[in-house]
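Only one structure is covered here, and it is reproduced in the block below.
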2 protein chains.
Amino acid sequence: MKVEVIAIGDELLLGQTVNTNAAWLGDACEREGWRLERVVTIGDGIDAICEALVSAESRADLVIITGGLGPTRDDMTKRALCKHIGVGMIRDDAWAEHMAARFTSAGLPVIQANQDQALRPETTVALPNPRGTAQGIWIENAETRGVTVALPGVPFEMKGLFTEEVVPRFRQLHAFEKPRAFRLHHNILTMGKGESLLADSISQWEDTLAARDLSLAYLPSPAQVFLRLTATGTDADKTRAQLERATAELLDLVAPLVVSAQGRTIEHEAAHLLSALGQTIAVAESCTGGGLGADLVSRPGASAFYLGSVVAYANSVKVSQLGVPEQLIATHGAVSEPVARAMAEGVRSRMQSDWSLAVTGVAGPTGGSAEKPVGTVFVACSGPAGTRVERFQWGRSRARNLLRTRRTALAMLISELKGLENA
Amino acid sequence: MKVEVIAIGDELLLGQTVNTNAAWLGDACEREGWRLERVVTIGDGIDAICEALVSAESRADLVIITGGLGPTRDDMTKRALCKHIGVGMIRDDAWAEHMAARFTSAGLPVIQANQDQALRPETTVALPNPRGTAQGIWIENAETRGVTVALPGVPFEMKGLFTEEVVPRFRQLHAFEKPRAFRLHHNILTMGKGESLLADSISQWEDTLAARDLSLAYLPSPAQVFLRLTATGTDADKTRAQLERATAELLDLVAPLVVSAQGRTIEHEAAHLLSALGQTIAVAESCTGGGLGADLVSRPGASAFYLGSVVAYANSVKVSQLGVPEQLIATHGAVSEPVARAMAEGVRSRMQSDWSLAVTGVAGPTGGSAEKPVGTVFVACSGPAGTRVERFQWGRSRARNLLRTRRTALAMLISELKGLENA
């Protein structure tokens, strides 16, 4: 099944909102065995929306419009749909009443803009939205069984409607058809080698993929490369077996670089190992301001392993809250091997955790010296067998330096935990 | 000037990478007075790229391709450009040598994949990239003065090439033309009223905008709404005056909701006020894991006001590192008004800051009770005049709950600091 997304909203083109919906829909489609082939982002204009609809419907089995269903005047999607299918608007009285009741029970006034949310193009089907005031809209072409849906742009409303309404309805509509092709993926997270050196080191093996209906993609981002292996075939079992064989080969080839063989994100892998091994962790941060702790709690279940952090941005806090000797900072500087070590050991002893991480660095863009230029970072990992400290030299971008520091610290922890796991 | 972006990469369609380049380019174009009208995202396929190029070049003055210039086999952009303009590849020997020297000086081997980075379509102009191994590519249509450029997908390389190469060259090419229209924007950040109620409350005023060549857009996201006012005109001074007048009117209408009259993000506004007033802050976090501190250090200059945080995820850490009485937690629970208050006062006194923020809540998706369901959060702000605590009830999504908590805490601080500023 070919899918196209039309993302609507001036805010996406003016750079005020990053379109995260498209990536989510791409992933959700892959899970269904559907293929997102194109995303078009356009502004809130009726003609542009109609033009994009004609073009997308000529290629795709499912066209998903996101955005432009809100109650304010810059929202044009419903009017464009009326023009596109040549109908007027009807009012959904049940939805209007339902919303009025919701607003009243929340102690809010019922206003015209919200009542207009009950309008939709005639001949279309409403998709109820328990998370917001805009219903989704479903338009089915009886002849081609092609479908166009319009969903709100607010991510959690869009996701709910896609999962609960669009997927089961579209599956049902095409239930009797034979699937055209299976596409299965396996991801591996690697760190420690850049994209081109990594590719060079496995190039002979990569040459064998095409003949086996396999392909490999490199997804680099600061400090890491995700490898995505894809198998395509018409037989589900054979395709899965093909993918498993190639995954094992690849894991073997890049073994020392693998951070997550299951393709987990680095924070997910760290959380997974800590939970699985029943270990606890505490964190001491300076330049990252708390971001390393925030990474650890980004998924549910963090209370099983994460005790807390001391973020010692000021030197006085390193002394008072982590017990770093003042003399150590005076002699070596706050960004130094001994201070990173003292921070890690201080927080581990104060919070009585099994493990601790500490980071201290010059995030930039200013504050560097000849000896410790912008991008200098020390990462310490302390555990039952002692404390390991490493020095890294990143670049000049603050945001990238902070991200690389967080990822590198978690990778150091993961490598220590894997040692424990294999011991 | 009309601009279109063609974003290339299977990873964008498979949901493994969010396309942040498009938003950045939209904003950068607006600053030049150019208008990004469309973004098309497609996979790494030569035919799809060529088709998108033909279509975009028929509409836009500047077409920007991002992605697909890397050294690995899934990168198709240069081959597609050769097909599109009907030429072969040439090798840029100077670039090949330059890269070989860079790799050698970094102690890395020089491999074929990197040498292939020196290839580009004949008749095109190379844009040097000091941040990476892929040059940008500039293609100029002498007749129409239309331009197509190809830039790497890695955000910081793309941004550098756009700013340092594409903008000055494209400006130069069209230097003698009269600008068609000025579009100026002013943003205002509001909190405390949802999009539709906000729109309803200013609807009479909004009716007057169209006649004055003004428009208003609503950009809602968790806990906040950005308002974007746009003025359009052919005279720069008149357009600016029109925008300033309307901005003053709007600020007057929504005064109690305004968090940043200058359209700063909430973390930027908090940092700005703390710096301007010479005040310091410390933070005590539970559910947010350190994210509130990370918000405060996301921009340079944080050491002027941010001392640090204690992230007390475990109750034992609330007691040992913040001095919250054990009895208080036993009686009221860790998520409670008195514990939030004790956390804020504890961290303020331990770090000797002028101000402090504390948050404790049930982030979810599990862990709620009848009395304190998932989404219950207490936020405390402590300052020279005392401690204020508020209770909030968010929804069931962990990520949204954490984001709303961070934003709401910063908004509480901003409102206190504004009181200080006006005192």
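The values are calculated or read from the model by the stated rules, or taken from the named source; none is laboratory data. Bear in mind that the values here come from a model prediction, so they are computed numbers and not experimental data. We place every Cβ from the backbone using ideal geometry, glycine too, and count neighbours over all the protein chains shown. Side chains included, ligands, DNA and RNA excluded: accessible areas come from the protein's heavy atoms. Shrake-Rupley method; radii C 1.70, N 1.55, O 1.52, S 1.80 Å.
Within the listed set A:Gly107, A:Gly33, A:Gly192, the residue fluctuating most in the Gaussian network model of chain A (springs between alpha-carbon atoms under 10 angstrom) is A:Gly107.
Springs join every pair of Cα atoms under 10 Å in this Gaussian network model of chain B, and among B:Thr123, B:Thr66, B:Thr104 the largest mean-square fluctuation is at B:Thr104. Summary for B:Ser58: label point 7 Å along Cα→Cβ; distances to the equivalent points in the other copies, ascending, 0.8 nm. Angle check, please: helix A:337-351 long axis (alpha carbons) against the longest principal axis of chain A (alpha carbons), in degrees 0 to 90, nearest 10. So the helix axis and the longest Cα principal axis differ by about 70 degrees. Counting only Cβ charges, +1 for Lys and Arg and -1 for Asp and Glu, the dipole size of chain A around its Cα centre is about 740 debye. Averaged over peptide B:108-114, the number of partner chain Cβ atoms lying within 10 Å of each residue's Cβ comes to 4. Axis-proximal residue of chain B for the rotation onto chain A, reported as residue and distance in whole Å: B:Gly290, 1, based on Cβ position. Ligands, DNA and RNA excluded, the heavy atoms of B:Tyr313 present near 40 Å² of accessible surface to a 1.4 Å solvent probe. Farthest towards the positive end of the charge dipole of the range A:1-115, among the residues A:Trp95, A:Gly70, A:Ala23, is the Cα of A:Trp95, using unit charges on the Cβ of Lys, Arg, Asp and Glu.
To the nearest 20 Debye, how big is the dipole of the protein assembly as shown about its Cα centre, given +1 on the beta carbon of each Lys and Arg and -1 on that of each Asp and Glu?
Values: 84 positive and 94 negative charges, 273 e Å.
The calculation lands at about 1320 debye.
Once the mean of 1/r is taken over each pair of separate Cα atoms and inverted, the range A:300-379 shows a Kirkwood hydrodynamic radius of 13.3 Å.
Residue ranges B:341-347, A:170-176 sort as B:341-347, A:170-176 when ordered by packing (mean number of other C-beta atoms within 10 Å per residue, highest first).
For the pair the range B:366-423 and the range B:333-348, the centres of their Cα atoms are 12 angstrom apart. Out of every Cα-Cα pair that the protein assembly as shown contains, those further apart than 37 angstrom amount to 49 percent.
Per-residue ellipticity at 222 nm computed for chain B from its helices equals -12000 deg cm²/dmol, with DSSP H segments shorter than 4 residues left out and the rest contributing -39,500 (n - 2.57). Helix A:236-253 axis versus longest C-alpha principal axis of chain A: approximately 20°, rounded to the nearest ten. For B:Gln393, the distances from its label point to the matching points in the remaining copies are 5.7 nm, ordered from shortest, with each point set 7 Å beyond Cα toward Cβ. For chain B, relative contact order (Cα pairs under 8 Å, six or more residues apart, normalised by length) works out to 10 percent. The alpha carbons of chain B give a radius of gyration and a Dmax of 26.4, 80 Å, in that order.
How large is Rg/Rh for the range A:1-108, to two decimals, with Cα atoms and a Kirkwood Rh? Intermediate results must be reported in sequence, preceding the final value.
Working: Rg = 15.9 Å, Rh = 15.5 Å.
Radius of gyration relative to Kirkwood radius: 1.03.
When only Cα pairs below 8 angstrom with a gap of at least 6 residues are kept, the range B:51-192 shows a relative contact order of 25 percent. To the nearest ten degrees, helix A:20-32 and the longest principal axis of the Cα atoms of chain A are 80 degrees apart. In a DSSP loop and with at most 11 other Cβ atoms within 10 Å, there are no trypsin sites (Lys or Arg not before Pro) in the range B:71-109. With N as its number of residues, the range B:107-171 has a Cα radius of gyration that, divided by 2.2 N^0.38 Å, comes to 1.22. Put simply, the range B:225-366 fits an ellipsoid with semi-axes of 40, 17, 12 Å; these come from the alpha carbon gyration tensor as the roots of five times its eigenvalues, largest first. Remark: label point of A:Arg102 defined 7 Å out from Cα along the Cα-Cβ vector; separations to the same position in other copies 5.2 nm, ascending. For the Cα trace of the range A:241-302, dividing Rg by the Kirkwood Rh returns an Rg/Rh value of 1.10. Across the range A:232-377, the mean sequence separation of Cα contacts (distance under 8 Å, 6 or more residues apart), normalised by length, yields a relative contact order of 22 percent. In the range B:118-233 the Cα-Cα distances spread across 10 Å bins starting at 0 as 11, 26, 21, 23, 16, 3 percent of all pairs. Can you give the net charge of the other residues whose Cβ lies under 11 Å from the Cβ of B:Glu4, counting K and R as +1 and D and E as -1? Every neighbour counted, the sum reads +1. Share of pairwise Cα-Cα distances greater than 16 Å in the range B:202-254 is 42 percent (whole percent).
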